[in-house]
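Peer 1: If you scroll down you'll find the structure; I have some questions about it.
The values are calculated or read from the model by the stated rules, or taken from the named source; none is laboratory data. Remember, predicted model here, so these are calculated numbers, not experimental data. When we count neighbours, we look across all protein chains shown, and the Cβ atoms used for this are built from the backbone with ideal geometry, even at glycine. Areas reflect the complete protein model, heavy atoms only, side chains present, ligands, DNA and RNA absent. Shrake-Rupley method; radii C 1.70, N 1.55, O 1.52, S 1.80 Å.
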Amino acid sequence: MSSDPQSVANGDPAPARLTVGIVSAGRVGSALGAALERAGHVVFGVAAISDASVRRAQNRLPDSEILPVEDVAARSELLVLAVPDTELAGLARGLAGAKVVRPGTIVAHTSGANGVGVLAPLADIGAMPLAIHPAMTFTGHDEDITRLSNACFGITAADEIGYAIAQALVIEMGGEPVRVQEHNRALYHAALAHGSNHLVTLIVDAVAALRVALDGPGLLGQQIVDDQPNGLAERLLAPLASAALDNALRRGQSALTGPVARGDAGAVAAHLTALESVDPRLAEGYRALSLRTAERAGTNPAVIELLKGR
């Protein structure tokens, strides 16, 4: 198949090789670049400014040149804009104003919250806009690239040809493409943030409480409880949290267990008192999530009244 972007725009949904440029070499951009190279595309250039980005580009994309943004944009058949959400609109306007993106160029951003509307300035000069968002958290470590092959990607395009191209690119990277309507991008992103970012806060809070609960003399040979990650508190919580997540994804609301779902007001009150003694903010987090749990479970009204502070 031809790698000419114009032939792609004319309906060839799976180009064999595209010349790819990436702005910038952050955690997401460098991982996607490596995945695209594995799929047979050629990442010729990367825009990288910070020392960390330069090192990441050199490690993950050693055959790519580190170039100014304008040079990356001018030479790309597929231009990946992997910048923070707050910078995306300005970058699109700047590239359009500089007239460095050629007509027919496929321009894909990786923002979860945005659809293709944010790329309108580039679409107006003939680029094909795509939103290709990997629904995955990135740490900057080697596992990022492996996780992409098991991830879903939320894709949005301006037309069916765009959807076909986005779908093909995601499949080539080993991911699963999922169509998200333009007007639903904010809701899509909010749901993912709620289910992942807040999960980290929940787990870290629970670990903090466990560290206090486990303080004191331990069993013979037991690891000392300290504030370092991946310690005893984390190991204690991990099987329970993993099972709860798996049950929720497999069985939905029927996975709810524990004193809130059972309507045990006495146990919930004791929890609040104990958590308050550790950190009032932690107790408030427990109260808010417990109230939402109680409402979902339709539990004992006394528990709901307790959690509302009445």
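Peer 1: Somewhere in segment 92-112, is a residue under 13 Å from the mean Cα position of the chain (by Cα) and aliphatic (A, V, I, L, M)?
Peer 2: Checking segment 92-112: not a single residue is under 13 Å from the mean Cα position of the chain (by Cα) and aliphatic (A, V, I, L, M).
Peer 1: Another question, then. Take segment 138-155 and flag every residue that is surrounded by 15 or more Cβ atoms within 10 Å (Cβ to Cβ), closer than 20 Å to residue 193 by Cβ and of a type in the set (Val, Ile, Thr).
Peer 2: Result: 155, single match.
Peer 1: Inside segment 115-127, can you point out the residues that are under 27 Å from residue 138 (Cα atoms) and either open to solvent by 40 Å² or more (accessible area, probe 1.4 Å) or of a type in the set (A, V, I, L, M) (or both)?
Peer 2: 116, 117, 118, 119 - these are the residues of segment 115-127 that are under 27 Å from residue 138 (Cα atoms) and either open to solvent by 40 Å² or more (accessible area, probe 1.4 Å) or of a type in the set (A, V, I, L, M) (or both).
Peer 1: Also, I was wondering about something else. Tally time: how many residues in segment 159-183 are part of a helix (DSSP H, G or I) and either of a type in the set (D, E, K, R) or open to solvent by 60 Å² or more (accessible area, probe 1.4 Å) (or both)?
Peer 2: 7
Peer 1: Which condition breaks for residue 294 when tested against (1) under 16 Å from residue 202 (Cα atoms); (2) assigned to a helix (DSSP H, G or I); (3) of a type outside the set (D, E, K, R)?
Peer 2: (1) is the only condition that residue 294 fails.
Peer 1: Then there is this: Just checking, how many residues over segment 284-303 are within 10 Å of residue 260 (Cβ to Cβ) and open to solvent by less than 50 Å² (accessible area, probe 1.4 Å)?
Peer 2: Total satisfying the criteria: 7.
Peer 1: Exactly one of (1) in contact with a strand residue (DSSP E or B) (Cβ under 8 Å, 6 or more places away or on another chain); (2) in contact (Cβ under 8 Å) with a residue 12 or more places away in the chain is unmet by residue 139. Its number?
Peer 2: (1)
Peer 1: Tally time: how many residues in segment 87-104 are among the hydrophobic types (A, V, I, L, M, F, W, C) and surrounded by fewer than 15 Cβ atoms within 10 Å (Cβ to Cβ)?
Peer 2: Result for segment 87-104: 1.
Peer 1: State whether the residues of segment 176-192 include one that is over 23 Å from residue 129 (Cβ atoms) and polar (S, T, N, Q).
Peer 2: No; the residues of segment 176-192 include none that is over 23 Å from residue 129 (Cβ atoms) and polar (S, T, N, Q).
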